[in-house]
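Worksheet: the structure to be examined is printed underneath.
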Amino acid sequence: MRLAFILGEIGGGLRRNVSMVVSVILVTFVSLTFVGTAGMLQMQINQMKGYWYDKVQVAVFLCVDTSTSPSCASGPATDEQKKNIETLLDSAAVKPYVTSWAYESQADALKHFKEQFANSPIVDSVSADQLPASFRVNMVNPEKYQIINETFSATPGVETVIDQRQLLEKLFSVMNIASLVAVGIAGLMIICAILLIATTIRLSAFSRRRETGIMRLVGASKAVIQLPFVLEGVIAAVIGAVLASGTVWAVAKFFIQDYLADQYKDTAFISANQVLILTPGLLVLGILLAGISSLLTLRKYLKV
Amino acid sequence: MIRFDNVTKIYDQKTRPALDSISLEIDRGEFVFLVGASGSGKSTFLRLVLKEDHATGGIVYVAGQNVANISSWRVPKLRRGIGVVFQDFRLLPNKTVFANVAFAMQVIGKSRGIIRETVPEVLKTVGLEGKENRRPHELSGGEQQRVAIARAVVNKPGILLADEPTGNLDPTTSLGIMKVLDKINRNGTTVVMATHDDDIVNEMRKRVIELRNGVVLRDEAKALYTSMMPIIPAADSGSGRSAGAHK
Ligand SMILES: Nc1ncnc2c1ncn2[C@@H]1O[C@H](COP(=O)(O)OP(=O)(O)OP(=O)(O)O)[C@@H](O)[C@H]1O
Ligand SMILES: [Mg+2]
């Protein structure tokens, strides 16, 4: 009976304030979509880290004709210089940090280059002697990149040492900034949502002050008096959270999984189903948002 | 049923207390009129019984319980034992008579079956049979007040507080309301009624507690609106209102 009564009150309240309820739904929807987007970016970053960190290497590029670095003063790397580098890689100072290394000749480099840019006209204008040969070093701990850098960057015949991880880090930091921006916008929107929910409940409580006054007098419990108001806000917020989850899922499915993953086949992308684990979080956040702001409002406007 | 022990209520430090160290006791089943000029503290008295406000000093007991010790989540339980009626009826305009009374049962979780059984009974007690489906604006003032009384007693409270329930009604209608309150009192409910209506008080011959400026001026059984006590100072013969003022 009491449940039926409370449900009836909620229904009445939602009907009475349709426009406010719709605005609560929209503002929670938008704010939680930003939260979800930030979450999705973080998941993508983790996914790429996991995928790439095993594969990244430190590349020691050798001098070619056009090299300008001081260690290339004597022209393209000689066989003797290459031998020297190989010895260094196997020396006691370096070996403990290296799991394996491989030599990539200029011909190999051209082959890889052609694979990578198969669809691009640039391929035809590149020849093997323009691409540097390199030693590809797999590190035990990729963080120890400095060891290789110090050892080889001044070695004759070496043009430069590049840590591929650093290239990735740049990408990740761009993605991190994007997710911070999303979180920032989400934060602002959440403040809007909280204020809007508070206002909605205040109006709702005001328009029903007769009923609540009588309820108090005949001894209705605090829960029966306040629950309809709280649940009104929570229901609106949950609808917003469901819409936000749907939107985030749709982005993951149609943009990331169907489009990006198809375009960039050699990169690891998150799948739409992975993104679904964000849904409970968004729902809980929506409920907390509405619950907390309504309880704070009611404490002031619906004393028992 | 209700006991005030040196109860003081001060709303505002700058003004005199609304109630000033009042002590009195109202027994189960009594019918008591609370009279006194406007601002004498009648409504304040009722508010303290309901725990709508807390006493500044002293102790208020309701049904043997010190209301100051009732935690906020148990206040609803206290209020279920007390029915309240006001001068302005306070009905819900878009609900029918039946729904207005049923509302008081719904919000404390009574089952539909019990509501369907009890509400018509109570409406009969207050003399509103056949008007279940009217809305408040289709009723006279007296009938509206009967609905309010029905709502106040439908949960069978031990105490009924009425704050000037006949204040908006003409004398004949008021008398009808008093018959209803008397009937409810005979069924065992303690009734405390604040009023300015001297005709009614004189007609009913019940206990009268007169307040003035927050103190009890007199407290007499089977009394009239104005005191019947012999007046001691010869100079002040008429009203006797100042007779007990200095004790
Ligand atoms: N909420 C309040 N805040 C401040 N002062 C109040 C409040 N309620 C009542 N008072 C003061 O307390 C005193 C007693 O008021 P109360 O309402 O109890 O009088 P009353 O006997 O019911 O009067 P009336 O017959 O006009 O209803 C008055 O002086 C009034 O101004
Ligand atoms: Mg009053």
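I need a count of the residues in region B:41-85 that are of a type in the set (S, T, N, Q) and under 16 Å from B:Val192 (Cα atoms). Count: 2. Here region B:18-42 is the region considered, the condition is being surrounded by 19 or more Cβ atoms within 10 Å (Cβ to Cβ) and within 10 Å of ligand 1 (Cβ to nearest atom), and the residue that is nearest to B:Ile159 (Cα to Cα) is B:Leu34. Taking the condition over 16 Å from the mean Cα position of the chain (by Cα), modelled with pLDDT of 95 or more and more than 10 Å from ligand 1 (Cβ to nearest atom), does B:Ile59 pass? In short, yes. Within region B:1-37, take every residue that is assigned to a loop (DSSP other than H, G, I, E, B) and without any contact (Cβ under 8 Å) to a residue 60 or more places away in the chain and give me the one that is nearest to ligand 2 (Cβ to nearest atom). Selected residue: B:Tyr11. If the condition is being out of contact with any Asp or Glu (no Cβ under 7 Å at 6 or more places or on another chain) and either at pLDDT below 95 or surrounded by fewer than 20 Cβ atoms within 10 Å (Cβ to Cβ) (or both), then region B:92-101 contributes B:Pro93, B:Asn94, B:Lys95, B:Ala99.
Filtering region B:82-126 down to residues that are more than 16 Å from A:Glu9 (Cα to Cα), among the aliphatic types (A, V, I, L, M) and in a helix (DSSP H, G or I), which residue is farthest from the other protein chains (Cβ to nearest Cβ)? The selected residue is B:Leu123. For beta carbons closer than 6 Å, sequence separation of 6+ or different chains, a first residue in region B:38-53 that is under 18 Å from A:Arg216 (Cα atoms) and a second that is near ligand 2 (Cβ under 8 Å from one of its atoms), the qualifying pairs are B:Ser43/B:Asp163; B:Leu46/B:Asp163. Scanning region A:214-252 for residues that are more than 14 Å from chain B (Cβ to nearest Cβ) and without any contact (Cβ under 8 Å) to a residue 40 or more places away in the chain gives A:Gly246, A:Trp249, A:Ala250. Considering only region B:51-71, I want to know if a residue exists there that is within 16 Å of ligand 2 (Cβ to nearest atom) and among the charged types (D, E, K, R). Yes, region B:51-71 contains a residue that is within 16 Å of ligand 2 (Cβ to nearest atom) and among the charged types (D, E, K, R). Among the residues of region B:147-167, those identified as within 16 Å of ligand 2 (Cβ to nearest atom) and away from chain A (no Cβ under 12 Å) are B:Ala162, B:Glu164, B:Pro165, B:Thr166, B:Gly167. Taken across region B:65-72, residues that are exposed (fewer than 13 other Cβ atoms within 10 Å of the Cβ), assigned to a helix (DSSP H, G or I), modelled with pLDDT under 95 and facing chain A (nearest Cβ under 10 Å) do occur, with at least one present.
The single condition among (1) within 14 Å of chain A (Cβ to nearest Cβ); (2) within 23 Å of B:Leu181 (Cα to Cα); (3) surrounded by fewer than 20 Cβ atoms within 10 Å (Cβ to Cβ); (4) among the charged types (D, E, K, R) that B:Arg79 does not satisfy is (3). Does region B:192-199 include one or more residues that are under 26 Å from B:Leu19 (Cα atoms), touching a Lys or Arg at 6+ places or on another chain (Cβ under 6 Å) and modelled with pLDDT of 90 or more? Among the residues of region B:192-199, at least one is under 26 Å from B:Leu19 (Cα atoms), touching a Lys or Arg at 6+ places or on another chain (Cβ under 6 Å) and modelled with pLDDT of 90 or more, which makes the answer yes.
The values are calculated or read from the model by the stated rules, or taken from the named source; none is laboratory data. This structure is a prediction, so every number in the text was calculated from the model and none was measured. Note: ideal-geometry Cβ built from the backbone for every residue, glycine included; neighbour counts use all protein chains shown.
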